[in-house]
1. List pairs: first in segment 263-283 and of a type in the set (Gly, Ala, Ser), second surrounded by fewer than 13 Cβ atoms within 10 Å (Cβ to Cβ) and part of a helix (DSSP H, G or I), Cβ under 9 Å, 6+ apart or cross-chain?
2. Of the conditions (1) modelled with pLDDT of 85 or more; (2) assigned to a loop (DSSP other than H, G, I, E, B); (3) under 30 Å from MET159 (Cα atoms), GLY234 clears all except one; give me its number.
3. Is one or more of the residues making up segment 21-44 modelled with pLDDT under 75, over 30 Å from PHE273 (Cβ atoms) and part of a strand (DSSP E or B)?
4. Could you look through segment 352-369, keep only residues that are among the aliphatic types (A, V, I, L, M) and part of a strand (DSSP E or B), and pick out the one that is farthest from the chain's Cα centre (by Cα)?
5. Quick check on segment 58-69. Is at least one of its residues within 25 Å of TYR240 (Cα to Cα), modelled with pLDDT under 85 and surrounded by fewer than 18 Cβ atoms within 10 Å (Cβ to Cβ)?
6. Any residue in segment 314-335 that is of a type outside the set (Ser, Thr, Tyr), closer than 22 Å to ILE291 by Cα and either within 60 Å of the chain's Cα centre (by Cα) or assigned to a helix (DSSP H, G or I) (or both)?
7. Suppose the filter is among the acidic types (Asp, Glu), surrounded by 12 or more Cβ atoms within 10 Å (Cβ to Cβ), modelled with pLDDT of 85 or more and at negative phi; does GLU110 pass it?
8. Within segment 162-172, is even one residue within 30 Å of ASN101 (Cα to Cα), touching a Leu at 6+ places or on another chain (Cβ under 6 Å) and not polar (S, T, N, Q)?
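The values are calculated or read from the model by the stated rules, or taken from the named source; none is laboratory data. Since this is a predicted model, take the numbers as computed values, not measurements. Reconstructed Cβ throughout: ideal geometry from the backbone, glycine too, with neighbour counts over all protein chains shown.
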Amino acid sequence: MSTLKFSFIFSIFLFLFHSSTQLCFKKYCGNPKLGLLIEFPFILRDEYGNNSNQSDRCGYPGFEVHCNDSKQALLKLSNDRNFVVKSISIEIQRIWVKSPNDCPPQRFVENKNIIDDSPFAWDNSFYSHYENITFLNCSTNSAKEPNPVIDELPTIPCMSNANYSIMYTLQSSLVSSLNSTCHEIGFAEVPVKDNSQQPLVIKDGLYSEAMLRWNTPSCGCEPDQFCGFLTDTGLNVTCYSNTINFPVGNPSTQRHKKFKFFPVLWGVLGILFFMWWLSLSICRDRQQNHIQQRETITNIEPSNREPPWFVFGLDRSMIEEYPKIQLAESVQLPKSIDNVCSICLSEYKPMETLRSIPQCNHHFHVDCIDVWLKMNATCPICRNLPGL
């Protein structure tokens with residue numbers, strides 16, 4: 001019974017402890033000194049989509065970042081394209097990404113859209129101007145006719161090869177005058193820092209890293225706080241203090257494991273209550289067993305209806321021949337007499353009467369040993385039979 005109670009309490013303890021803490025660590029993709037720090041609402045997955053020994057509650061849905069073999073942090077923004085995460089700002093809720101092939105203009109040419117269920121959106125709020133750019137695919141065949149206008153157009157080297165060149169122009173009207181060696185492949189609004197239309201300004205806009213924003217979740221934590229889920233279920237978030245010190249995932253990490261104080265407090269109080277209840281229950285069971293044992297010994301009376309082959313004790317006359325002593329008020333016992341009756345396990349009290357078995361000189365309460373000897377002729381302690 002006690003073992004079952006202990007197992008039950010231990011299971012409750014594990015449940016409360018497991019549900020009240022979340023093992024959330026800051027993670028790096030790459031060298032902790034040089035790599036990108038991943039923290040809530042982002043969660044780092046490996047290239048196979050595993051959660052890197054962290055609970056799914058350590059990140060917000062849609063903020064999964066994968067770390068590839070090249071130690072690049074990848075974020076999936078379209079159905080067929082991952083973008084390399086360059087930097088993250090939790091404070092202003094912005095993230096900077098680029099194409100994994102290190103060709104930023106490609107996102108404008110291919111006009112990649114973010115998947116519908118993504119929490120991110122393109123953010124060009126840091127740019128005040130846009131330029132309408134037309135992209136051209138022009139053959140590099142040496143036999144083509146020279147075209148000074150096309151030849152002066154800027155080229156995008158990372159998208160060009162030996163057979164064709166990808167070019168761009170601000171003059172959309174130029175497309176109508178193109179010869180058969182060139183054709184339009186796309187159009188995009190490119191953010192620029194000013195409207196001077198200078199080639200360098202346009203190039204800076206094309207090769208700039210894309211900036212994304214997210215609106216949910218929004219914590220707005222102070223510098224000495226970090227963001228996390230409010231409860232073990234739901235998507236509400238709140239800020240936690242960095243002053244709670246717990247082990248972290250990397251040596252250089254400054255923020256710590258998310259720790260739910262009040263659930264843990266209630267869990268500890270619950271464990272203390274159950275431990276107190278367990279101790280009280282065990283003591284009560286022992287006391288009850290003691291009382292039942294004494295009542296069983298003192299209340300059993302031999303039955304004359306029992307078959308004679310079940311009666312192995314002594315008759316009354318033989319029992320009365322065993323010597324008796326009465327204790328004094330000071331309960332001064334000879335050294336040869338124990339102070340506890342071995343049958344009822346109770347200590348001897350003043351003025352109680354004891355009876356001894358002559359063959360072994362063991363003493364017991366008169367009531368206890370008389371009942372015993374009626375059922376069993378042997379000594380309860382040494383099991384010696386009379387006369388042996």
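1. GLY267/PHE15; SER281/SER2
2. All conditions pass for GLY234, except number (3).
3. No: segment 21-44 contains no residue that is modelled with pLDDT under 75, over 30 Å from PHE273 (Cβ atoms) and part of a strand (DSSP E or B).
4. Our first condition is that a residue be among the aliphatic types (A, V, I, L, M); within segment 352-369, this holds for 354, 357, 366, 369.
Subsequent filtering for residues that are part of a strand (DSSP E or B) retains 354, 357.
On the way: LEU354: 65, ILE357: 67 Å.
Checked segment 352-369; the qualifying residue farthest from the chain's Cα centre (by Cα) is ILE357.
5. Start the filter on segment 58-69 by keeping residues that are within 25 Å of TYR240 (Cα to Cα), which leaves 58-65.
When the remaining residues are screened for being modelled with pLDDT under 85, the result is none.
Checking segment 58-69: not a single residue is within 25 Å of TYR240 (Cα to Cα), modelled with pLDDT under 85 and surrounded by fewer than 18 Cβ atoms within 10 Å (Cβ to Cβ).
6. Looking only at segment 314-335, we keep the residues that are of a type outside the set (Ser, Thr, Tyr), and these are 314-316, 318-321, 323-329, 331-335.
Narrowing further to those that are closer than 22 Å to ILE291 by Cα: none.
There is no residue in segment 314-335 that is of a type outside the set (Ser, Thr, Tyr), closer than 22 Å to ILE291 by Cα and either within 60 Å of the chain's Cα centre (by Cα) or assigned to a helix (DSSP H, G or I) (or both).
7. On the way: among the acidic types (Asp, Glu): yes; surrounded by 12 or more Cβ atoms within 10 Å (Cβ to Cβ): yes; modelled with pLDDT of 85 or more: no; at negative phi: yes.
In short, no.
8. Initial filter on segment 162-172 (within 30 Å of ASN101 (Cα to Cα)): 162-172.
Filter once more, so that each one left must be touching a Leu at 6+ places or on another chain (Cβ under 6 Å): 167, 169.
With not polar (S, T, N, Q) added as a condition, the list becomes 167.
Yes: segment 162-172 contains one or more residues that are within 30 Å of ASN101 (Cα to Cα), touching a Leu at 6+ places or on another chain (Cβ under 6 Å) and not polar (S, T, N, Q).
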